[in-house]
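Notes follow once the structure below has been shown.
The values are calculated or read from the model by the stated rules, or taken from the named source; none is laboratory data. Quick caveat: nothing in here was measured; it's all calculated off a predicted structure. Because the Cβ atoms are built from the backbone with ideal geometry, glycine has one as well, and the counts that use them run over all protein chains shown.
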Amino acid sequence: MAVSDTTAKPVAEGPELSPPDPLDAEQAANAGSSSALVWSDGFGGPAGNPPDPTKWNFDVGGNGWGNEELQYYTARPGNARLDGNGNLVITARAERYRGADGVERDYTSARLQTLEKVEFTYGRLEARIQVPAGQGLAPAFWTLGDEAYEGDEGRWPQCGEIDAMEVIGSEPNVLNGTLHGPWPSAPRGIGDELRLPTPLTADFHTYGVEWEPESVSFLLDGSVYATVSRQDLGPEDPWPFQHPNFLLLNLAVGGEWPGSPDASTQFPARMLVDWVRIYR
């Protein structure tokens, strides 16, 4: 994912780390004895409510987000809301929408982030998510360095980007984990893909990363499937993963990688998020 969009203006308020939601016994056992839960959101609340505004900001705009995406990201409940059963629902819709900036798009969706509300350096980040299938859909769970939105054009890729989960809707059996940085030796990022016998869209899965000072490991359902370290880059390439990152959740429509939706794509398309957690 890329960050660039001049309409993206995050809200800056709230604490750096909120108290974690309580875990039940099974969840605590799965977390492992060597890790401490420092923040979480279980998306509890009445159906139709927005996600907790002390934890999440909305990015709003429709100028392509650096990937030639086709949706307009809104802060409307129709694009991001709680379902009353402990899930955040991010919904992409096929609808003509004109934003306050005058930009018109044929699709809407939502992109949530935690800049200046929840930021962390090192540890394990996980989220339990069910992703949608469909040509042109691109759900993602990722992080950006905390200077990503500075200035008119932002500070990407110098800020660093960790893509914990990207699943292209036309390839529902493939999980992508990628790092991005200002690297001449790896202009499209560096990472790996995991090909699975069954589609990820069929159920919830836990996606995550284990972030250490000089490496990032990518996890599916608690198991590491790839690791990228500083040594995997060129000798002159910087390693921009030694300062705070914030979290992002979004469901993109169209763009350079997934391509455009077609007649087979079913709208509304929904990305369900059961919980998000940070361990240290």
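Points worth noting:
- Within the stretch 40-53, if we keep just the residues that are touching an Asp or Glu at 6+ places or on another chain (Cβ under 8 Å) and of a type outside the set (Asp, Glu), the residue that is surrounded by the fewest Cβ atoms within 10 Å (Cβ to Cβ) turns out to be Ala47.
- Residue in the stretch 129-149 that is charged (D, E, K, R) and in contact with a Ser or Thr (Cβ under 9 Å, 6 or more places away or on another chain) present: no
- Tallying residues that are within 17 Å of the chain's Cα centre (by Cα), under 19 Å from Gln71 (Cβ atoms) and in a loop (DSSP other than H, G, I, E, B) within the stretch 157-170 yields 3.
- Taken over the stretch 148-164, the residue count meeting the criterion of being free of Cβ contacts under 8 Å to residues at least 40 places away in the same chain and either under 20 Å from Trp56 (Cβ atoms) or surrounded by fewer than 18 Cβ atoms within 10 Å (Cβ to Cβ) (or both) is 2.
- Across the stretch 56-89, the number of residues qualifying as surrounded by 20 or more Cβ atoms within 10 Å (Cβ to Cβ) and either under 27 Å from Glu153 (Cβ atoms) or basic (Lys, Arg) (or both) comes to 17.
Table: residues versus (1) in contact with a Pro (Cβ under 7 Å, 6 or more places away or on another chain); (2) modelled with pLDDT of 95 or more; (3) not in a loop (DSSP other than H, G, I, E, B).
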{"position": "Ala186", "(1), (2), (3)": "no, no, no"}
{"position": "Thr198", "(1), (2), (3)": "no, yes, no"}
{"position": "Thr206", "(1), (2), (3)": "no, yes, yes"}
{"position": "Ala226", "(1), (2), (3)": "no, yes, yes"}
{"position": "Trp239", "(1), (2), (3)": "no, yes, no"}
{"position": "Leu251", "(1), (2), (3)": "yes, yes, yes"}
{"position": "Arg270", "(1), (2), (3)": "yes, yes, yes"}
{"position": "Val273", "(1), (2), (3)": "no, yes, yes"}
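- Subset of the stretch 165-178 (residues that are crowded, with 23+ Cβ neighbours inside 10 Å and of a type in the set (Asp, Glu)): Glu166
- Filter pass, Arg105 being buried (at least 18 other Cβ atoms within 10 Å of the Cβ), touching a Gly at 6+ places or on another chain (Cβ under 6 Å), free of Cβ contacts under 8 Å to residues at least 40 places away in the same chain and basic (Lys, Arg): no
- For the stretch 102-116, a residue qualifies if it is under 17 Å from the mean Cα position of the chain (by Cα), of a type in the set (A, V, I, L, M) and outside any strand (DSSP E or B), and the qualifying residues are Ala110, Leu115.
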